[in-house]
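K.L.:
After the structure tokens below, expect a handful of questions from me.
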Amino acid sequence: MTWRRLLLLGSASTLFLFLVFTLTPIVSPLPRYTGPHEVGVLDVETEVERRRIWDARIKETGEPAFDLNTLAITLYYPSIPRPKTPGTKQPLARPWLPQPISLIGTGYARMLGIHWPPAQSLLTGILWLLGSSTVIPGIVDAPLIPASDAILVDPEKAAIVEPSEPLLKDADESKEDMERLEVRRNPSGTDKLPVVVFSHGMAGMSQSYSHYLGSIASHGYVVAAVEHRDGSGPGTIEHYANGTSKSVWHLQLQDLEADPPMTLSTLKTAQLSFREAEILETINFFSLLNSNTDQQKIKNLKPDSPEKTLPTFSSRLDLSQITIIGHSYGATGALQALRRASKSKPQASKNNINLPTDATITGGISLDPGKASGPLNTHIPCPLLVLQSGEWTNKAPSTDFYGLGPHWRVVRDLVANVPSKKGWFMTIPGTAHPSVTDAPLIVPWIMKMVTGTTLDAKTALEEYVDVSVRFLEYLRSGRKEGVLASEVTSEKGPLGKEGERGVVDGEAGGKWEVHVVPEE
Ligand SMILES: *[C@@H]1O[C@H](CO)[C@@H](O)[C@H](O)[C@H]1NC(C)=O
């Protein structure tokens, strides 16, 4: 009887899964970025001044665990399609999964405590099945959008018309087309583009947020997503100038030895210091990239990653407009790095990395600030936007956060009390913690089932992008537009009564609960 039942159940579920996998396209391509510009994508790894961020060793290998050796970032930036040169093939997009896929498969297996190679290969196989067909839209190593240039947009098709040079002369020749096409100029109105540094979450990677970051870039920002080597990701490879390389795996407390032994709390302190150092090194990298003379010192150590376009960035970056964004663990890391927004010198510590004199951090965006990544830094001398997913705001709202009270209230007080009094705190209902990552776009059906979101994944991401770009515009112009212009609609959030939680319409079809807005 039981065997029959089991057999029945087994074949029923096999059939069911077969149906689901064949009838539902479980893997979707990433959508177009939301802004008017084409996007260039480039992986860069460079040498940085070596620093020991924390004195601890990896038990397995005896090697130091928290040495900063190189900086790895993925750049997303506004671009124009490159003029076609006959005979050469343009690399049009890059794989979404970092190569080799086995590194990431093994990394996730290790995180799950699986050290048996065949099981690790199985995970690699699943990743390959789900992720190998996905590419990051954008042109690898495309030139930065020219300062004085314009692009032609076909509003009917919502497509950018590929310019064959010279762009506008060409359009003049085809008057008929010109009536249909719109000219869009560099939206910043200057030849300098503001920059953004992004910090990923626990178990994340620099490319896990390509749609959110590429979309910000498509609105005219140069974005660098850091690939953290703090032992929080599944796995990453450091490449050195002498041609050798080293794998960095996910680290847990039991993997480390130190004197005195590390605790969960010191592990977080070490990782957050590591992240802060990498964020500051990214700003240093931008400063080098911006300088005509220093730029020649940059050597891209990432194998098979070109560096031809790097010279197009010189003198094009507005280092007086730097915003730091992070998600989850990275949101906590971003909040920590934001203490450097102050012009006054930070307290001396052995790992203090000086910001270049021409660099100013002018704002921060914190997406679902960590609930288990240590207390949040409250010294934030610049405007701040905190966006939380519905899940982050609503799950266990009364649980104590490091002895400071409920997480939601700690965040609300932090935002309400930024010294500039320019803080926003909002929640987007119907979303979950991973909603700002690429995952719900690539495997929408699986993510919906696992996270129980009610807001469509694409709409949610568009809302995240819209509000973030409105904030980036606010930092430069002081104008509050879109959802940023709203009053408070939900003062007590999950701590108040259900009827008191008002929402305001977003610009892409979602709704926002607004908890804190600036005091004028
Ligand atoms: C290459 O450089 C790395 C980092 O500087 C160093 O750890 C390694 O020993 C070097 N390897 C060789 C073969 O020189």
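K.L.:
Name the shape class, rounded, prolate or oblate, that the alpha-carbon gyration tensor gives for the stretch 393-520, where a ≥ b ≥ c are the square roots of its eigenvalues, rounded holds for a/c under 1.5, and otherwise prolate holds if a/b is larger than b/c and oblate otherwise.
P.N.:
Taking the square roots of the gyration eigenvalues as a ≥ b ≥ c, the stretch 393-520 is oblate.
K.L.:
For Cα pairs less than 8 Å apart in space and 6+ apart in sequence, what is the mean separation divided by the residue count of the stretch 390-520, i.e. the relative contact order in percent?
P.N.:
Relative CO of the stretch 390-520 lands at 29 percent.
K.L.:
Right, next: Run the simple label-point estimate for ALA416 and ASP505 please: 7 Å along Cα→C-beta, distance reported in nm.
P.N.:
3.0
K.L.:
Is the chain best put as rounded, prolate or oblate by its Cα gyration tensor, with a ≥ b ≥ c the root eigenvalues, rounded for a/c under 1.5, and otherwise prolate when a/b is larger than b/c, oblate when not?
P.N.:
Values: a/c = 1.16, a/b = 1.12, b/c = 1.03.
Since a/c stays below 1.5, the shape of the chain is classed as rounded.
K.L.:
If you don't mind, there's one more thing I want to ask. Treating only the Cβ atoms of Lys and Arg (+1) and Asp and Glu (-1) as charged, compute the dipole magnitude of the stretch 390-520 about its Cα centre; round to the nearest 20 debye.
P.N.:
Using Cβ point charges on Lys, Arg, Asp and Glu, the stretch 390-520 gives about 220 debye.
K.L.:
Moving on to the next point. With a sphere of radius 13 Å drawn around the Cβ of ALA416, what net charge do the other residues whose Cβ falls strictly inside it have (Lys, Arg +1; Asp, Glu -1)?
P.N.:
Net charge in that neighbourhood comes out at +2.
K.L.:
Among the DSSP beta bridges whose two residues both lie in the chain, what percent are antiparallel, rounded to the nearest 5?
P.N.:
On the way: 41 of 71 bridges.
The answer is about 60 percent antiparallel.
K.L.:
Just want to confirm a number: the relative contact order over the chain, from Cα pairs under 8 angstrom separated by 6+ residues, in percent.
P.N.:
Once normalised by length, the contact order is 15 percent.
K.L.:
Let me ask you something else. Starting from 0.36 nm per residue, how many nanometres of slack lie between LEU112 and ARG50 once their C-alpha separation is accounted for?
P.N.:
So the extension gain works out to 19.2 nm.
K.L.:
If you place +1 on the Cβ of every Lys and Arg, -1 on the Cβ of every Asp and Glu, and leave all else neutral, what size is the dipole of the chain about its Cα centre, to the nearest 20 Debye?
P.N.:
Numbers: 50 positive and 57 negative charges, 218 e Å.
About 1040 debye.
K.L.:
Accessible area per residue for the chain in Å², computed with a 1.4 Å probe and the full protein assembly in place, what is it?
P.N.:
On a per-residue basis, the chain sits at 46 Å².
K.L.:
Say each of THR293 and ALA396 gets a label point 7 Å from the Cα, pointing the same way as Cα to Cβ; how far apart are those two points in nm?
P.N.:
Label-label distance for THR293 and ALA396, simple model: 5.5 nm.
K.L.:
How large a share of the accessible area of the chain, in percent, is made up of carbon and sulfur atoms when the probe is 1.4 Å and the other protein chains stay in place?
P.N.:
Of the solvent-accessible surface of the chain, carbon and sulfur hold 57 percent.
K.L.:
In nanometres, what is the gap between the two model label sites at ALA203 and GLU60, each 7 Å from Cα along Cα-to-Cβ?
P.N.:
1.7
K.L.:
Report the Cα centroid-to-centroid distance between the stretch 399-474 and the stretch 257-322 in angstrom, as an integer.
P.N.:
Between the Cα centres of the stretch 399-474 and the stretch 257-322 lies a distance of 26 Å.
K.L.:
Another question, then. Ignoring ligands, DNA and RNA, how do HIS327, HIS379 rank by accessible area with a 1.4 Å probe, largest first? Mind dumping the intermediate values first?
P.N.:
Values: HIS327 10, HIS379 95 Å².
The most accessible residue leads, giving HIS379, HIS327.
The values are calculated or read from the model by the stated rules, or taken from the named source; none is laboratory data. These figures come from a predicted structure and were not determined experimentally. Quick reminder, even Gly has a Cβ in these numbers, built from the backbone with ideal geometry, and neighbours come from all protein chains shown. Accessible surface is based on the protein model in full, side chains and every heavy atom, while ligands, DNA and RNA are left aside. Shrake-Rupley method; radii C 1.70, N 1.55, O 1.52, S 1.80 Å.
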